[in-house]
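What follows is a single structure, written as C-alpha cells, with notes after it.
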Amino acid sequence: MPAQWPRALIRAALREAGYDAVGTQSLGTSLRIRADEAQRGPVRVVIVDQPALAAAEADTQLAALLARHRGPATLLVAQAIVAPSKRTWTRVIRRPVSVADIAQAVQSLLPLAAAQRHSID
C-alpha cells in the first residue's frame, strides 16, 4: 500500500464525520499548514504517527507546529511499545489500530455538535 493511503483514509473518515482534516507526509511538511488559512477554522487536534518522531529534528518541528497553532490537542498513534517521550500527549492509542479507531479518538477529543456531524465533501 502506498505510504499516503493511510493518511488519505484517515482524512476521508474525518471529513465524512464533519471535521476539516488535512494531512502531511512529515512533521517538516506540516509546518507549511498556515494557522490563519482562509475558509478554515483553527487546527484543534494534531495526529502524529510515532515513526515521525524518529527524525533528528522531530522535537523541534513538533514544538513549532504546536506553538503555531496555539497548543492543539495531540494524539499519538504509537507502536505497541511506546518509548519514553519528552512530550505529554493528550491521548495515546497503540497499534494495531484501524482508521475508525483514529477517527473515534479524534471525536472523543473534539466532539462536534449534532448539526456539524455531516460530510463536508
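Calculated on the alpha-carbon coordinates, the convex hull of the stretch 17-56 measures out at 87 cubic angstrom per residue.
DSSP loop GluC sites (Glu not before Pro) in the stretch 1-58 with at most 15 other Cβ atoms within 10 Å of their Cβ, which ones? Intermediate results must be reported in sequence, preceding the final value.
Working: sites: E16, E37, E57; in loops: E37, E57.
Hits after loop and neighbour filter: E37, E57.
Under a point-charge model restricted to the Cβ atoms of Lys and Arg (+1) and Asp and Glu (-1), what is the dipole moment magnitude of the chain relative to its Cα centre, in debye to the nearest 20? All intermediate terms of the calculation are to be shown ahead of the outcome.
Working: 15 positive and 9 negative charges, 37 e Å.
It comes to approximately 180 debye.
Convex hull over the alpha-carbon atoms of the chain: what's its volume per residue in Å³? If you can, show how the numbers build up before the last one.
Working: hull volume 13.8 nm³, N = 121.
So the per-residue hull volume is 114 Å³.
Considering only C-alpha atoms, what is the centroid distance from the stretch 8-62 to the stretch 91-117, in Å? Cα centroid to Cα centroid, the span is 15 Å.
Under a GNM of the chain (C-alpha, springs under 10 Å), which listed residue has the highest mean-square fluctuation: A13, A56, A35? Fluctuation is largest for A56. Looking only at trypsin sites (Lys or Arg not before Pro) in DSSP loops with at most 10 other Cβ atoms within 10 Å, what is the longest site-free stretch of the chain? Longest site-free region, per DSSP loop and neighbour criteria: 33-69.
Read-outs throughout are calculated quantities, based only on the coordinates presented, and are distinct from any laboratory measurement. Note that the structure is a prediction, hence the values are computed from the model and not measured. Cβ sites come from the backbone with ideal geometry, for glycine too, and all protein chains shown count toward neighbours.
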